[in-house]
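Notes follow the structure.
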Amino acid sequence: MREVVAQSNNPVMLYSIGKDSSVMLHLAMKAFYPSKLPFPILHVDTTWKFHEMIDFRDRIVRDLGLNLIVYTNQDGINDGITPFTHDSTVYTNIMKTVALKQALDKFKFDIAIGGARRDEEKSRAKERVFSFRNHQHHWDPKNQRPEIWSLYNARICKGESIRAFPLSNWTEVDIWQYIYRENIPIVPLYLAKPRAVVEKDGVQILVDDDRLPLHDYSAPVVKSVRFRTLGCYPLTSAFESNASSIEDIIKETIQTKKSERYGRLIDFDQSSSMEKKKIEGYF
Amino acid sequence: MNFSAEKELLRFITSGSVDDGKSTLIGRLLYESKLIFEDQLDLLEKDSKKFGTQEDNLDFALLVDGLSAEREQGITIDVAYRFFETKKRKFIVADTPGHEQYTRNTATGASSSDLAIILVNAQKGILTQTLRHSLIVSMLGIKHVILAINKMDLVSYDHDVYLEIVEHYNQIALEQFSFESIKYLPMSALNGENITLNSNLMPWYKESCLLDYLENIQLNNELASKPFRMFVQWVNRPNSEFRGFAGRISSGIVRVGDSIKILPSGVETKVSKILLYHQNLDVAYAGQSVTIQINDEADVSRGCVLSSIKNPCLISDQFQVQILWMSDSPMIPARDYLIHLGTQHALARIARPKFKIDINTGKKLAANSIKLNEIAVCNLSLDRKIVFEAYADNHQLGGFIIIDTQNNHTLGMGLINFPLRRSANIHWQKIDINKNARASIKEQKPVIIWFTGISGSGKSTIANLLEKRLFSMGKHTIVLDGDNVRHGLNRDLGFTVEDRVENIRRLAHVSEIMLQAGLIVITAFISPFEKERKMARNCVEQGEFIEVFVDTPISIAESRDVKGLYKKARAGELKNFTGIDSPYQRPNNPEIYLDMTSLDLNQAVDNIVSYLERNHYLTITDRKG
């Protein structure tokens, strides 16, 4: 992150409010202390995030004195794009990928720091720490700069941009162990507690507001559940768990038989779907 | 259970040829260490049916071949990083492909690894690729190697096959490589023999299986015991009360109160505070990212190195280096490149290689340039002095990357072998009478008028007419013409890309010396490459270089063919002829553009003279200078 700040003109940190973003933000606070963060944080808001996430975001921004930019793709809202009316691929593309590109172009950010990890998904295993995007924000996995030792070449031509991933070499367990060790605040949805959930096709959705078309789902049931990743509430599956502390989560994460992205509905379409999204500019 | 247990991390690289079973080995390691999740296993079953090469069995290689293009082609495209963990250690695997691009990818993966697993196919034995991978891994300074003799199932787990390979490799390794330890391990990744458990099928092998070995090999952390060095990444200055220097400690230990040296300035000072977020540390170690405060107001910026006083780093601007080239366009001597070493940046020129190394045999070969995936030893000179150590002593202070000054791509990597002393002996002669003084007695502003254009475009003709015109105005000029210079100064040079670049480099410097004499220098060279024109421009100050693009369509130039050269080139008698089989890069922003389809020669000269008058080149210069 210090390399990003030293080598770029207008950096930004992408902040998704999730556990990885929380760790990344904490690392940034450490890296630049006692200075304030030398960049703004950007939240691409689809308007479908859990309200607990938004509350948490606003509290953290206040506590740490951050410069927060919230960006929503207004065209998508005007066109009535929602997770219910459109296929998850279309919805994600417009409200996340396109929105991110719009925000980066609008503020002319040249390096965006993101919380992606190489262990999340196969196509991410080939991602660089400093990953280049052409002027259309496209990723070319076959034409990446070699990254040798820990020397990062952040020089770009006009119109190009970089995504920097400081957590590239962290695993999901590393993230939880670090949250535990450093006592980093996280959205309470990661911890199990009794919550009312509805079900459809084996996916358990938390009823977060009255926009959810309840008639499509089973009747609400109160269960002890938690979330492994956080995204848009209608697209994020809860799972039954009694892990109500970080220690419990670490135990559960080490023992789990399901991968992290299992709870994300956006990855199910096809096995190279993440790669496709990345080439188009998702993150 | 210790929830924040910090297990030791081992980073290793796996390299092997296409059918050595490397992806299968990694997939097997992940599977056996129970790191494949159910949903990934479901996907693997689906993919195995679709792309698999193992009939009805799971194809573990598909677990690690991440990109759709490589699944379809059954090859690995780029370095991929895999993660797994056992009770004892965490592992990061740099998985590098063995086909083309092998050298570049192996070097990238090896640069961050502590250990290398080199795969050998038991059926095929030691191949040139095995030696190639070993050489690169050795060059990058990896000390520990596992020679994984895989596919033992295909040779009936025969002890003699194993022994033969061991003996063969051992002999070569002793001669050519500098490894501290080599572990020979017979295995079958496909069937899981000797991976996580000792195999029953190879009772003759009594040493540890692969995972045991990876979990237990001793890594001596040498960095902590070396002298203290830290690159300053960023100056932390939130207000006038606080100034600290942020960086990650490259080697050694630093304590509050230690005397340190700031390099390259050489100023000595004391550490007053070491900060790690809200904590004030008494001591910090290699690998930690900290912010250091010092006792006084010494000048420190990004690129400086904080160093121990007893054993300070060296400073130089000329080195012997080993370079590995990673780009499709070859390294050309005398061209300007940018290097990054730690947080230092400098412009660099790489001399003609002393030799390149045949990566298949280790032999030294003659070379004029360095091409993709080649390794060569060269002298490197920089435009400023940098702080460094030999790569063998400290990878972070001796390893650098080479960057293209125009498109910013990373072109290659280099390792410093040692500094050259000769730079200490060459000093710029300080002369009191300077170019402005010389020019002022001639009542002109010295300038280089650099003509560029294809052969037969009319450069020399216009240049000579221009000189006559300026001479008649009482101006002192000199014309350097491509053909004339090639008869004398540059008669050792031909027309290959390397020679063209060297040709222009010499001419740029001759022009610059004549500029110092206060002259109006008129040059007429094809100068087909943008980079070299830029290099010539960069030799002088702003406003001292006027690029004149004589734009004549090749059809017209060829129809004139004053020297009969186009005819020879078309007949194939002349190689590397600009416009025929060697490119001409049109200037983007020349100061003067002459469209020769609409101008005659005198009008062209008029255009140039009026440009010179408009910009006050032909009037008396400011005597203050």
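The values are calculated or read from the model by the stated rules, or taken from the named source; none is laboratory data. None of the values given here were measured: they were computed from a predicted structure. We place every Cβ from the backbone using ideal geometry, glycine too, and count neighbours over all the protein chains shown.
Details
- Residue match in the range B:159-171 (condition: in contact (Cβ under 8 Å) with a residue 12 or more places away in the chain and touching an Asp or Glu at 6+ places or on another chain (Cβ under 6 Å)): no
- Any strands (runs of 3 or more DSSP E) falling wholly within the range B:78-151 and containing at least 2 residues that are within 12 Å of chain A (Cβ to nearest Cβ) and either surrounded by fewer than 22 Cβ atoms within 10 Å (Cβ to Cβ) or in contact with an Asp or Glu (Cβ under 9 Å, 6 or more places away or on another chain) (or both): B:80-85, B:89-95
This table checks each residue for (1) surrounded by fewer than 21 Cβ atoms within 10 Å (Cβ to Cβ); (2) acidic (D, E); (3) touching a residue at least 12 places away in the same chain (Cβ under 8 Å).
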{"site": "A:V4", "(1), (2), (3)": "no, no, yes"}
{"site": "A:M13", "(1), (2), (3)": "no, no, yes"}
{"site": "A:P38", "(1), (2), (3)": "yes, no, yes"}
{"site": "A:W48", "(1), (2), (3)": "yes, no, yes"}
{"site": "A:V61", "(1), (2), (3)": "yes, no, yes"}
{"site": "A:T72", "(1), (2), (3)": "yes, no, yes"}
{"site": "A:I77", "(1), (2), (3)": "yes, no, yes"}
{"site": "A:G80", "(1), (2), (3)": "yes, no, no"}
{"site": "A:T85", "(1), (2), (3)": "yes, no, no"}
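- Strands (runs of 3 or more DSSP E) enclosed by the range A:9-72 - at least 2 residues per element that are under 22 Å from A:Y233 (Cβ atoms) and not hydroxyl-bearing (S, T, Y): A:41-44, A:68-71
- Any helices (runs of 4 or more DSSP H) falling wholly within the range B:432-494 and containing at least 2 residues that are free of Cβ contacts under 8 Å to residues at least 24 places away in the same chain: B:459-472, B:482-487
- Check on A:W149, assigned to a loop (DSSP other than H, G, I, E, B), more than 7 Å from chain B (Cβ to nearest Cβ) and in contact with a strand residue (DSSP E or B) (Cβ under 9 Å, 6 or more places away or on another chain): no
- Residue count for the range B:271-318, restricted to those that are within 12 Å of B:I253 (Cα to Cα) and either of a type in the set (D, E, K, R) or outside any strand (DSSP E or B) (or both): 4
- Checking each residue in the range B:208-243 for being charged (D, E, K, R) and either crowded, with 20+ Cβ neighbours inside 10 Å or not in a loop (DSSP other than H, G, I, E, B) (or both) picks out B:D212, B:E215, B:R229, B:R237, B:R243.
- In a residue-by-residue description of the range B:321-328, the property of being within 20 Å of B:Q176 (Cβ to Cβ), of a type in the set (S, T, N, Q) and at pLDDT 90 or above applies to at least one position.
- Members of the range A:73-86 that are outside any helix (DSSP H, G or I) and within 17 Å of A:A99 (Cα to Cα): A:N73, A:D79, A:G80, A:I81, A:T82, A:P83, A:H86
- Residue match in the range A:158-165 (condition: on the phi < 0 side of the Ramachandran plot, in contact with a Lys or Arg (Cβ under 6 Å, 6 or more places away or on another chain) and modelled with pLDDT under 95): yes
- Selected residue (only one of A:K106, A:K126, A:K142, A:K158 is more than 14 Å from chain B (Cβ to nearest Cβ), basic (K, R) and more than 26 Å from A:I205 (Cβ to Cβ)): A:K106
- Within the range B:266-277, residues that are within 13 Å of chain A (Cβ to nearest Cβ) sit with their Cβ atoms under 7 Å from residues that are β-branched (V, I, T), at 6+ positions apart or across chains, in these pairs: B:K273/B:V256; B:I274/B:V254; B:I274/B:V256; B:I274/B:V290; B:I274/B:I292; B:L275/B:V290; B:L275/B:T291; B:L276/B:V290.
- Of all residues in the range B:508-527, exactly one satisfies the criterion of being more than 19 Å from B:S440 (Cα to Cα), touching a strand residue (DSSP E or B) at 6+ places or on another chain (Cβ under 9 Å) and surrounded by fewer than 23 Cβ atoms within 10 Å (Cβ to Cβ), namely B:V510.
- Applying a threshold of 6 Å to beta carbon distances and a minimum spacing of six or more residues, or different chains, the list of pairs starting in the range A:243-265 at a residue that is of a type in the set (D, E) and ending at one that is at pLDDT below 75 reads A:E247/B:F3.
- Breaking point among (1) within 14 Å of chain A (Cβ to nearest Cβ); (2) closer than 24 Å to B:A390 by Cα, for B:I350: (1)
- Matching option when the condition is over 17 Å from the mean Cα position of the chain (by Cα), more than 12 Å from chain B (Cβ to nearest Cβ) and modelled with pLDDT of 95 or more, among A:F39, A:F32, A:F50: A:F39
- If you go through the range A:185-197 and keep only what is buried (at least 18 other Cβ atoms within 10 Å of the Cβ) and of a type in the set (A, V, I, L, M, F, W, C), you end up with A:I186, A:V187, A:L189, A:A192, A:V197.
- When restricted to residues that are surrounded by fewer than 23 Cβ atoms within 10 Å (Cβ to Cβ), farther than 30 Å from B:G141 by Cα and either among the aromatic types (F, W, Y) or over 23 Å from the mean Cα position of the chain (by Cα) (or both), the range A:103-138 contains 1.
- Whether a residue is part of a helix (DSSP H, G or I) and touching a Phe, Trp or Tyr at 6+ places or on another chain (Cβ under 6 Å) was assessed, and B:R537 passes this test.
- Within the range B:244-303, if we keep just the residues that are among the hydroxyl-bearing types (S, T, Y) and buried (at least 19 other Cβ atoms within 10 Å of the Cβ), the residue that is farthest from the chain's Cα centre (by Cα) turns out to be B:T291.
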